[in-house]
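Colleague: Dropping the structure in here first, questions after.
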Amino acid sequence: MIWNEYIEAADRERLKRLQNERLTQLIERIYFKVPFYRKKLTELGIEPGDIKSIDQLSQLPLTVKDDLRDNYPFGMFAETQQQIVRLHASSGTTGKPTVVGYTHNDLNTWSEVVARSLTMAGVSRSDIIQIAYGYGLFTGGLGLHYGAEKVGASVIPISGGNTRKQLQLMTDFGSTVIACTPSYAAHLGESIAKDNIDRTQIKLRAGIFGAEPWTNEMRLQVEKSLNIKAFDIYGLSEIIGPGVAMECEHQQGMHIFEDHFIPEIIDPVTLEVLPYGEIGELVFTTITKEAMPLLRYRTRDLTRLHVEKCACGRTLVRMDKCLGRSDDMLIIRGVNVFPSQIEAVLLEMSEASPHYQLVVDRVNNLDTLEIQVEIDDQFWSDEIRVLENLRRQIQNNIASALGLTATIRLVEPNTIARSEGKAQRVIDKRKLVI
Ligand code: DLL
């Protein structure tokens with residue numbers, strides 16, 4: 001089923017006309033309402049009325065996270081406080097949080113795009129959805145919440161953590177859909193096995209997983225351990241939260257809701273716009289947001305776009321699973337590697353559990369990478385020889401797939417800290433040195 005066929009399966013020419021109209025209005029709004037953008041546009045000699053088509057996007061200035069921090073907390077808002085009905089913030093790793101605001105219309109848009117997303121995963125009013133993303137300043141919990149209510153599903157707003165309770169309500173209430181980060185889903189899966197929960201009491205059939213990069217190998221593991229079909233949902237607070245893009249049942253990338261968010265892929269170094277099909281940094285322009293519209297916002301997420309019509313009938317552009325964030329890329333002795341590439345190699349081996357951590361350091365001016373791999377319960381052995389063989393095999397697989405020599409440390413089941421939200425996969429000790 002398609003929630004909004006008129007938009008999601010629109011003729012692309014018609015969609016473009018709508019985007020053009022909305023982009024023109026956006027430029028006018030931010031020119032008059034956001035001093036930051038007025039200054040940027042004026043510097044480029046652009047005035048309202050000059051931009052009439054999305055073909056002109058590349059003439060417009062890019063926006064980066066630091067612009068939001070420099071205008072902390074409300075300097076990027078295009079509406080007065082009286083119009084703002086919700087605030088969210090993401091803490092990030094350094095400095096001030098990034099603050100985002102919503103008007104009533106923005107919240108309606110948000111519910112609409114999440115309703116479209118959930119419908120892609122087959123969620124309907126017949127479902128009971130357990131929302132185990134954190135509720136609060138993080139956009140995951142409340143974002144999924146209102147979209148799920150809009151669809152008419154029964155919502156369990158349990159928030160993240162408290163795994164026992166999650167499993168109790170999952171069985172008692174008969175949840176059919178679970179929404180959480182993929183790493184927490186992996187933890188739920190192993191807890192079901194560990195706590196000897198009666199699987200016939202679990203009615204789950206779908207998972208709505210996102211907020212962090214995860215591989216197809218991870219998908220297979222989680223689908224198996226929870227006995228569900230797992231769907232990828234993408235979003236970021238600055239653009240709206242979850243519901244910027246979502247996978248349909250064909251799982252050939254995530255459909256981007258282009259009537260609200262126009263995607264571009266740029267080369268992160270030259271900043272040039274790249275054609276469909278090429279990997280680069282994803283950039284979004286929000287064309288309907290009222291409280292905090294953003295022009296060509298650099299997400300730092302690396303992916304590529306596909307424009308061909310999908311077998312589901314939707315014509316919306318699809319983005320591939322994110323390879324990672326450009327700031328997550330590790331450079332180990334000159335080899336560029338994303339944590340997701342390491343995850344893919346590890347999880348192809350049944351001995352590795354979905355819990356791993358990467359420790360990067362610098363010893364005698366040389367970068368070192370230690371991969372801590374938690375071994376699945378049934379493969380852990382007291383025999384040193386067995387473990388040593390496994391360690392060597394993982395090391396060889398990493399070396400042949402990524403051209404990288406890493407130290408592999410096998411750790412016992414249940415030793416790597418479980419995450420309730422976004423997993424921290426990388427500990428970069430090089431950044432700790434002052
Ligand atoms: O993570 C919003 C969200 C909540 C999305 C729940 C999906 C589900 P932020 O905290 O602002 O917002 O983090 C945004 O998380 O730029 C990506 O790097 C990463 N991310 C989000 N979804 C995915 C995904 C929420 N499906 C940042 N795959 C983004 C890979 C993702 N990375």
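Colleague: With a cut-off of at most 16 other beta carbons within 10 Å, and DSSP calling the residue loop, which trypsin sites (Lys or Arg not before Pro) in region 79-180 qualify? Please list them.
Modeller: Details: sites: Arg86, Arg116, Arg125, Lys150, Arg164, Lys165; in loops: Arg125.
Here the trypsin sites (Lys or Arg not before Pro) that fit, given the DSSP loop and packing criteria, are Arg125.
Colleague: Add +1 for every Lys or Arg and -1 for every Asp or Glu among the other residues with Cβ under 11 Å from the Cβ of Ser350, and state the total.
Modeller: Numbers: positive: Lys224; negative: Glu217, Glu348, Glu351, Asp376.
Charge balance in the 11 Å sphere: -3.
Colleague: Treating only the Cβ atoms of Lys and Arg (+1) and Asp and Glu (-1) as charged, compute the dipole magnitude of region 330-432 about its Cα centre; round to the nearest 20 debye. Please list the in-between numbers first.
Modeller: Numbers: 12 positive and 15 negative charges, 122 e Å.
So the magnitude is around 580 debye.
Colleague: Next question. Using a Förster radius of 60 Å, what is the FRET efficiency between Lys194 and Glu28 based on their Cβ-Cβ separation? Nearest 0.05, please. Write down the numbers at each step before the final one.
Modeller: On the way: r = 58 Å, r/R0 = 0.96.
Calculated transfer efficiency: 0.55.
Colleague: In region 59-107, which chymotrypsin sites (Phe, Trp or Tyr not before Pro) are in a loop and have at most 16 other Cβ atoms within 10 Å, using DSSP for the loop call? Write out the running numbers ahead of the final one.
Modeller: Numbers: sites: Phe74, Phe77, Tyr102; in loops: Phe74, Phe77.
Answer by residue number: Phe74.
Colleague: How much accessible area per residue does the chain have, in Å², with a 1.4 Å probe? Walk me through the intermediate numbers first.
Modeller: On the way: 19290 Å² over 434 residues.
Roughly 44 Å² per residue, with all protein chains present.
Colleague: Return one number: the angle in degrees, 0 to 90 and rounded to the nearest 10, between the long axis of the Cα atoms of helix 104-120 and the longest principal axis of the Cα atoms of the chain.
Modeller: That works out to roughly 50 degrees.
Colleague: While we're on this one: Over 16 Å, how big is the tail of the calculated P(r) for region 354-408, in percent of all Cα pairs?
Modeller: Values: 746 of 1485 pairs.
When every Cα pair of region 354-408 is considered, 50 percent fall beyond 16 Å.
Colleague: Quickly work out the Asp11-to-Ser381 label distance, labels modelled 7 Å from Cα along the C-beta direction, and quote it in nm with one decimal.
Modeller: 6.5
Colleague: Once you have the Cα-Cα distance between Phe173 and Asn396, take 0.36 nm times their residue separation minus that, and quote the gain in nm to one decimal.
Modeller: Details: separation 223, 0.36 × 223 = 80.28 nm, distance 4.60 nm.
This chain segment gains 75.7 nm when fully extended.
Colleague: Something else about it: Calculate, for Glu249 and Asn365, the FRET efficiency according to 1/(1 + (r/R0)^6) with r their C-beta to C-beta distance and R0 45 Å; round to the nearest 0.05.
Modeller: Values: r = 51 Å, r/R0 = 1.13.
Result of the calculation: an efficiency of 0.35.
Colleague: Which links in Lys96/Lys224; Lys65/Lys309; Lys39/Lys289; Lys16/Lys65 stretch past 30 Å when you go from one Cα to the other? List each step's numbers first, then the result.
Modeller: Values: Lys96/Lys224 40 Å; Lys65/Lys309 32 Å; Lys39/Lys289 20 Å; Lys16/Lys65 28 Å.
Distance filter (> 30 Å) returns Lys96/Lys224; Lys65/Lys309.
Colleague: Can you pull a Stokes-Einstein diffusion coefficient for region 303-434 at 37 °C (0.692 mPa s), Rh from Kirkwood over Cα pairs, as a whole number of µm²/s? Don't skip to the end; give the middle numbers.
Modeller: Details: Rh = 16.6 Å.
It diffuses with D of about 197 µm²/s by this estimate.
Colleague: I've got another one for you. Could you work out what % of the accessible surface of the chain is carbon and sulfur, using a 1.4 angstrom probe and leaving DNA, RNA and ligands out of the count?
Modeller: Numbers: 9460 of 19290 Å².
Accessible surface attributable to carbon and sulfur in the chain totals 49 percent.
Colleague: Tilt of helix 384-402 relative to the longest C-alpha principal axis of the chain, in degrees (0 to 90, nearest 10)?
Modeller: On a 0 to 90 degree scale, this one is about 30.
Colleague: Separate question: By how many degrees, 0 to 90 and rounded to 10, does the Cα axis of helix 182-194 deviate from the longest principal axis of the chain?
Modeller: Roughly 30 degrees, rounded to the nearest 10.
Colleague: Separate question: Multiplying the sequence separation of Glu149 and Ser326 by 0.36 nm and subtracting their Cα-Cα distance, what value in nm do you get? Working shown, then result.
Modeller: Numbers: separation 177, 0.36 × 177 = 63.72 nm, distance 3.47 nm.
Residue separation times 0.36 nm, minus the Cα-Cα distance, leaves 60.2 nm.
Colleague: With each pseudo-label sitting 7 Å past Cα toward Cβ, what's the Gln83-Lys39 distance in nm, one decimal?
Modeller: The modelled label-to-label distance comes out at 2.1 nm.
Colleague: If you take the C-alpha gyration tensor of the chain, multiply each eigenvalue by 5 and take the square root, what semi-axes do you get, largest first, in whole Å?
Modeller: Numbers: eigenvalues 277, 147, 77 Å².
Taking √(5λ) for each Cα gyration eigenvalue gives 37, 27, 20 Å.
The values are calculated or read from the model by the stated rules, or taken from the named source; none is laboratory data. Since the model is a prediction, treat every value here as computed from it, not as a measurement. Because the Cβ atoms are built from the backbone with ideal geometry, glycine has one as well, and the counts that use them run over all protein chains shown. Side chains are part of the model used for accessible areas, which takes the heavy atoms of the whole protein and leaves out ligands, DNA and RNA. Shrake-Rupley method; radii C 1.70, N 1.55, O 1.52, S 1.80 Å.
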